[in-house]
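The values are calculated or read from the model by the stated rules, or taken from the named source; none is laboratory data. Bear in mind the structure is a predicted one, so any value in this text is a computation, not a measurement. A quick note on method: Cβ atoms are made from the backbone with ideal geometry, for glycine too, and the neighbour counts reach across all protein chains shown.
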Amino acid sequence: MTTSDRVQFIVGDITALEVDAVVTAANESLIGGGGVDGAVHAAAGPGLFEECRSIGLCPEGEARLTGGYLLPAKHIIHTVGPVYEDGSFGEANVLRSAYESSLRLAEENAIRSIAFPCIATGTYGFPNAAACEIAVDTVTKWLECHEYPELIVFCCFEEPDISLYRERLSNAGQAL
Ligand code: AR6
């Protein structure tokens, strides 16, 4: 499989995906909230809440692994993106770190397929185009020197994100 074959994007609800791990855009408490995290907790069921509570806090830019419970995915990777203020508070580095921490956890656990939502672009207010660039660039760089995960799926939920990912992935594809 070539590197570019290892990246896909789809439109839809991440909780329905049959991948080894789905990533959720959590907050530091890991006990759920709205957006994608609310959807993941609702679909996974109360067992997830209990496991998250036992883990404790997850600082921004880091990630934690749990079971998938009632999701089709075997695992859930909870990562915490930056709350976007004006871009001058290291938000880009934190977002890059959220992707890298998730990928490292996936590699350590031999996770073959992983799906990412557009981390931090909802409640946390990160501008969509800049977040998309960080997501695609971090993932493609990772794939150049890592065997795991074998497949990375970007799961867009909102229509405008689709074209951003399509364009950025085709640019990245030329360099892969
Ligand atoms: N599947 C895929 N993507 C989704 C789904 C879904 N079911 N639902 C929403 N999105 P957000 P954040 C997209 O707000 O900005 C929570 O309360 C959504 O359209 O979920 O990192 C947490 O507990 C957007 O593109 O995450 C934190 O407190 C993207 O997911 C806080 O929000 C991220 O939006 C985190 O905020």
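Scanning the range 12-26 for residues that are of a type outside the set (A, V, I, L, M) and either within 6 Å of the ligand (Cβ to nearest atom) or assigned to a strand (DSSP E or B) (or both) turns up Asp13, Thr15, Thr24.
Scanning the range 34-51 for residues that are outside any helix (DSSP H, G or I) and either at positive phi or surrounded by 22 or more Cβ atoms within 10 Å (Cβ to Cβ) (or both) turns up just one, Gly45. Looking across the range 107-129, the residues that are free of Cβ contacts under 8 Å to residues at least 40 places away in the same chain and either buried (at least 22 other Cβ atoms within 10 Å of the Cβ) or under 29 Å from Phe89 (Cα atoms) (or both) come down to Asn128, Ala129.
The residues on offer are Ser54, Ser29, and the sole one that is outside any helix (DSSP H, G or I), small (Gly, Ala, Ser) and modelled with pLDDT of 95 or more is Ser29. Residue pairs whose Cβ atoms lie under 6 Å apart, sitting 6 or more positions apart in sequence or on different chains, and linking a residue in the range 133-149 that is in contact (Cβ under 8 Å) with a residue 40 or more places away in the chain and over 14 Å from Ser101 (Cβ atoms) to a partner that is among the acidic types (Asp, Glu) and part of a helix (DSSP H, G or I), are Tyr148/Glu107.
Suppose we filter Ala110, Ala106 for residues that are aliphatic (A, V, I, L, M) and out of contact with any Pro (no Cβ under 7 Å at 6 or more places or on another chain); which single one remains?
None of the others qualify; the one that does is Ala110.
Evaluated against (1) more than 8 Å from the ligand (Cβ to nearest atom); (2) within 15 Å of the chain's Cα centre (by Cα); (3) among the aliphatic types (A, V, I, L, M), Ala42 falls short on exactly one condition, (2).
For the range 83-95, the condition holds for no residue, the condition being that it is touching a strand residue (DSSP E or B) at 6+ places or on another chain (Cβ under 8 Å), surrounded by 15 or more Cβ atoms within 10 Å (Cβ to Cβ) and on the phi < 0 side of the Ramachandran plot. Look at Leu30 and say whether it is more than 8 Å from the ligand (Cβ to nearest atom) and surrounded by 22 or more Cβ atoms within 10 Å (Cβ to Cβ). For Leu30, the condition - more than 8 Å from the ligand (Cβ to nearest atom) and surrounded by 22 or more Cβ atoms within 10 Å (Cβ to Cβ) - is met. For Thr3, only one of the following conditions fails: (1) within 21 Å of Ala110 (Cβ to Cβ); (2) of a type in the set (Val, Ile, Thr); (3) at pLDDT 95 or above. What is its number? Checking Thr3 against (1) within 21 Å of Ala110 (Cβ to Cβ); (2) of a type in the set (Val, Ile, Thr); (3) at pLDDT 95 or above, the one that fails is (3).
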